[in-house]
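Asker: Can you keep this structure in mind? I'll have questions shortly.
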Amino acid sequence: MESIYIHGGIALQGQVRVQGSKNAVLPVMAATLLTEGTSTIGNCPRLKDVYHMQTLLESLGCVTARDKEMLKVHAANVSTLRARDGMPEDAVRGMRSSIILLGALLGRLGEVRVEYPGGCVIGERPIDIHIEALKKLNVHFEEKSYGFYAYSEELRGTEVSLPVPSVGATENLILAAVRAKGTTVIRGAAREPEITALCEFLSLCGADIAGTGSATLIIQGVERLMGADYAIAGDRIVAGTYLCACMAAGGEVLLKEAPVLQMRETLAAAIRMGAVCQETEEGLYVQMEERPKALKRLATAPYPGFPTDMQSPFLPVLSLAEGECDVEENIFENRFHIVPYLQDMGADITQTDARHIHLRGIEELTGRRVLAKELRGGAALTVAGVAAKGVTVVDGCKFIERGYENICRDLRELGVRIYGV
Ligand code: UD1
């Protein structure tokens with residue numbers, strides 16, 4: 001799919017099932033590498049990143065099989081030789097999260113060769129925290145022409161304090177620590193639900209992890225891990241995106257299998273803006289009858305704070321809200337790529353610096369041709385198109401497909417006139 005065409009401005013109505021969480025399934029898939037049996041991962045979303053991860057696992061000796069929403073991984077024969085050969089470049093390049101194979105392969109084989117797209121170690125998305133933390137577990141790193149080689153004769157448990165609660169670094173540390181000798185204490189760990197999913201899966205496999213869901217994890221390394229069955233929860237960001245579409249265009253929808261308990265701050269913001277959000281047996285019911293009311297301030301923060309991945313989808317809603325709002329991005333720099341496009345659609349937004357914008361709500365957005373430059377920004381532009389009068393074309397849809405199985409199909413179920421070409 002290259003472009004999405006949306007005839008916007010029509011209130012939403014309908015129900016849709018929310019896909020399984022991308023950010024939860026990827027570390028769980030990586031964790032299967034640590035096991036010596038077969039794991040079954042339920043509610044596995046059909047996404048490019050998942051297929052890339054499947055390719056990577058197979059390249060390392062795993063046998064994988066997919067049956068509808070179920071993915072089976074048999075990891076008895078993971079081989080050092082294959083890991084030494086390096087992983088297929090296409091799959092590594094195609095997926096940023098391949099970096100979590102670092103912890104998993106260190107845990108399983110004690111070594112890993114990591115290739116960098118473009119050979120850049122500390123690039124746009126640095127991994128310095130991952131590296132420093134793993135060094136404490138007795139991992140050595142050697143810079144190579146292709147990237148780096150990491151190895152450990154013996155992973156040793158110790159105390160590690162993370163300077164910021166990095167999701168990826170916490171995942172890598174957990175994956176290495178479950179197989180380390182002795183006890184690892186991770187302080188300042190990220191608390192995102194995806195970390196909880198990883199800990200739950202590993203615990204089912206036989207890992208000894210205390211403090212799941214908290215900022216301090218105490219992990220007692222074990223000799224062996226077996227396969228386990230685990231169902232991935234609904235994707236909180238996908239559910240939040242459709243919630244935003246309903247808030248921006250009005251209407252009422254049922255988001256089946258939305259992980260309501262993981263969406264506390266997102267729902268609190270939506271409710272303050274005038275949405276009716278109700279947990280039902282099936283998921284999340286949303287009703288938006290009036291024009292949204294502006295929030296005074298919206299600031300992103302590590303979980304359980306307001307998620308950075310929800311910041312972009314909230315911008316079209318805030319653009320249409322009654323009143324003014326300051327938005328502060330505290331996790332990533334330059335996460336306001338979509339502002340010029342929203343301005344072109346009529347939004348009144350002033351950018352103060354890389355981390356701050358100010359919005360003055362307007363009554364109507366107008367359809368325009370816009371360009372997705374990254375995943376959540378692309379989804380947010382689609383939300384803007386759903387609310388805007390006239391036709392919006394969103395180009396660059398390959399980014400959106402990284403995180404949304406089929407955003408057009410889902411939004412059509414909610415009554416949106418939307419087509420991907
Ligand atoms: C994960 C999510 C992403 C989400 C983000 C924050 C996945 C696949 N992705 O990304 O959707 O937006 O959490 O909730 O799960 N940092 C460093 N050095 C490091 C690591 C991180 O400086 O070694 C910085 C990053 O640049 C960023 C902040 O720490 O500013 C948080 O990043 P992190 O939590 O690691 O995000 P990801 O795991 O990459």
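Asker: Being more than 24 Å from the chain's Cα centre (by Cα) and polar (S, T, N, Q) narrows it down to one residue among T212, T241, T196, T184; which is it?
Answerer: Numbers: T212 fails: more than 24 Å from the chain's Cα centre (by Cα); T241 fails: more than 24 Å from the chain's Cα centre (by Cα); T196 fails: more than 24 Å from the chain's Cα centre (by Cα).
Answer to the selection: T184.
Asker: Which count do you get for residues in the stretch 291-313 that are touching a residue at least 40 places away in the same chain (Cβ under 8 Å), away from the ligand (no atom under 14 Å from the Cβ) and not aliphatic (A, V, I, L, M)?
Answerer: 2
Asker: On to the next question. Working carefully through the options M1, M70, find the one that is surrounded by fewer than 22 Cβ atoms within 10 Å (Cβ to Cβ) and modelled with pLDDT of 95 or more.
Answerer: On the way: M1 fails: modelled with pLDDT of 95 or more.
None of the other options fit; the residue is M70.
Asker: Could I ask something else about it? A150 - would you say it is outside any loop (DSSP other than H, G, I, E, B), in the same structural domain as A190 (by TED's automatic domain parsing) and at pLDDT 75 or above? Before you say what the answer is, go through the steps one by one.
Answerer: Working: outside any loop (DSSP other than H, G, I, E, B): yes; in the same structural domain as A190 (by TED's automatic domain parsing): yes; at pLDDT 75 or above: yes.
In short, yes.
Asker: Given the stretch 4-87, what strands (runs of 3 or more DSSP E) lie entirely inside it while holding 3 or more residues that are within 22 Å of L243 (Cβ to Cβ)?
Answerer: 12-17
Asker: Determine whether the stretch 262-269 contains at least one residue that is free of Cβ contacts under 8 Å to residues at least 60 places away in the same chain, over 24 Å from the mean Cα position of the chain (by Cα) and not assigned by TED's automatic domain parsing to the domain that holds R46. Walk me through how you get there before you give the answer.
Answerer: In the first step, residues of the stretch 262-269 are kept if they are free of Cβ contacts under 8 Å to residues at least 60 places away in the same chain; the result is 263-269.
Restricting the remaining residues to those that are over 24 Å from the mean Cα position of the chain (by Cα) gives none.
No, the stretch 262-269 contains no residue that is free of Cβ contacts under 8 Å to residues at least 60 places away in the same chain, over 24 Å from the mean Cα position of the chain (by Cα) and not assigned by TED's automatic domain parsing to the domain that holds R46.
Asker: Say whether the condition of being of a type in the set (F, W, Y) and part of a strand (DSSP E or B) is met by at least one residue in the stretch 190-208. I'd like the intermediate steps shown before the answer.
Answerer: To start, the set of residues in the stretch 190-208 that are of a type in the set (F, W, Y) comprises 201.
Checking the rest, the ones that are also part of a strand (DSSP E or B) come to none.
No, every residue in the stretch 190-208 fails to be of a type in the set (F, W, Y) and part of a strand (DSSP E or B).
Asker: Here's another thing I want to ask about it. Starting from residues that are within 16 Å of the ligand (Cβ to nearest atom) and in contact (Cβ under 8 Å) with a residue 40 or more places away in the chain, keep the ones in the stretch 128-163 and report whichever is surrounded by the fewest Cβ atoms within 10 Å (Cβ to Cβ).
Answerer: Once the filter is applied, the top-ranked residue is I129.
Asker: Looking at V386, is it assigned to a helix (DSSP H, G or I) and either under 16 Å from C244 (Cα atoms) or modelled with pLDDT of 95 or more (or both)?
Answerer: Yes.
Asker: Let me ask you something else. Farther than 30 Å from A176 by Cα and buried (at least 21 other Cβ atoms within 10 Å of the Cβ): which single residue out of A245, A197, A207, A228 fits that description? Step through it out loud before you land on a result.
Answerer: On the way: A197 fails: farther than 30 Å from A176 by Cα; A207 fails: farther than 30 Å from A176 by Cα; A228 fails: farther than 30 Å from A176 by Cα.
Selected residue: A245, the only one of A245, A197, A207, A228 that is farther than 30 Å from A176 by Cα and buried (at least 21 other Cβ atoms within 10 Å of the Cβ).
Asker: Can you confirm whether the stretch 175-185 contains a residue that is in contact with a strand residue (DSSP E or B) (Cβ under 8 Å, 6 or more places away or on another chain), of a type outside the set (G, A, S) and either within 16 Å of the ligand (Cβ to nearest atom) or not assigned by TED's automatic domain parsing to the domain that holds E115 (or both)?
Answerer: Within the stretch 175-185, not a single residue is in contact with a strand residue (DSSP E or B) (Cβ under 8 Å, 6 or more places away or on another chain), of a type outside the set (G, A, S) and either within 16 Å of the ligand (Cβ to nearest atom) or not assigned by TED's automatic domain parsing to the domain that holds E115 (or both).
A quick yes/no check of all residues on (1) closer than 25 Å to G234 by Cβ; (2) modelled with pLDDT of 95 or more; (3) within 16 Å of the ligand (Cβ to nearest atom):
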{"residue": "S21", "(1), (2), (3)": "yes, yes, yes"}
{"residue": "L60", "(1), (2), (3)": "no, no, no"}
{"residue": "V92", "(1), (2), (3)": "no, no, yes"}
{"residue": "S98", "(1), (2), (3)": "yes, no, yes"}
{"residue": "G123", "(1), (2), (3)": "no, no, yes"}
{"residue": "P126", "(1), (2), (3)": "no, no, yes"}
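Asker: Let me ask another. Within the stretch 256-357, considering only helices (runs of 4 or more DSSP H) that don't extend past its boundaries, which have at least 1 residues that are under 30 Å from A189 (Cβ atoms) and not charged (D, E, K, R)?
Answerer: Details: elements: 264-272, 308-319, 339-344.
Answer list for the stretch 256-357: 264-272, 308-319.
Asker: Next question. Give the stretch 23-58 a look and list any residue that's within 16 Å of the ligand (Cβ to nearest atom), surrounded by fewer than 17 Cβ atoms within 10 Å (Cβ to Cβ) and not charged (D, E, K, R), or say none.
Answerer: Y51
Asker: Oh, and also: Which count do you get for residues in the stretch 283-318 that are more than 26 Å from G213 (Cβ to Cβ), touching a Lys or Arg at 6+ places or on another chain (Cβ under 9 Å) and crowded, with 18+ Cβ neighbours inside 10 Å?
Answerer: 3
The values are calculated or read from the model by the stated rules, or taken from the named source; none is laboratory data. Here the structure is a predicted model, which means the values were calculated and not measured. Cβ: placed from backbone, ideal geometry, glycine included. Neighbour counts: every protein chain shown.
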